[in-house]
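Written out below as structure tokens is the structure these notes cover.
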């Protein structure tokens, strides 16, 4: 059995690639191994580059896609957004039991590679993390948990655009799975970024403690938030100092007001 019954329905992609499954050995030429035994960069007969990622056997039932896994992968494929890699289909390797997900190839470097290039400023790291958080939030907004958030599944294009790929085929229903993975990735980036990125630690710790949705986390990673919490201007008040100063001003105003009222009442009673 070389055909895998894994049609997701809908039109083919721009490269005309069929969605009904097939024999990956005949349809693709392997260019390079991306991850040992699990992920490959390949090219089809039309010259379109694709990423082939092996599917865990637990996702199969009687050598076919488990119905629930098929439904999840179909929802992932329907996303078809610019910043989230397209899932084109599922194919089998000849007569073997190995099954491959066929993903869009995203040019650029992984987030792990980007972070390892050298010391990164807090603004650089913040911008990347904010965009990644927005992409995860977009998935959550459509009821999909990514389930595999880490530095290898986020791509930074040569132009600096952040894109998300390789959503897990496994079934997740709790956004906390992605949040926990996001913060683990954020700390790894901050550590790799050196002294320049260390100032983001307070922001990341605060965002994690809030247990907020990913869109709110992205908002907390804005420049304004970092300027207010991490890098106050010389001589400027911190938020705590500003609250103390405000309370002092209000107390002074209240004291003056009470004094004026008391003086007016006394003059009125004495007929002055």
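Given a Förster distance of 25 Å, report the FRET efficiency between residue 75 and residue 27 from their Cβ-Cβ distance, rounded to the nearest 0.05. Between residue 75 and residue 27 the formula returns 0.55.
Modelled label positions at residue 45 and residue 117, each set 7 Å beyond Cα in the direction of Cβ, lie 3.8 nm from each other.
Approximating the spin labels as points 7 Å out from Cα along Cα→Cβ, the residue 63-to-residue 171 distance works out to 2.4 nm. In this entry, segment 77-156 is assigned a mean projected area of 6.7 nm², taken as a quarter of its C-alpha convex hull surface. Available extension along the chain between residue 157 and residue 36 is 41.3 nm, counting 0.36 nm per residue and deducting the alpha carbon span. Dividing the radius of gyration of the alpha carbons in segment 135-179 by their Kirkwood radius gives 0.99 for Rg/Rh.
Values in this text are rule-based calculations from the coordinates and carry no lab data. Remember, it's a predicted structure, so these values are computed and weren't measured experimentally. Neighbour counts run over all protein chains shown; Cβ positions are idealised from the backbone, glycine included.
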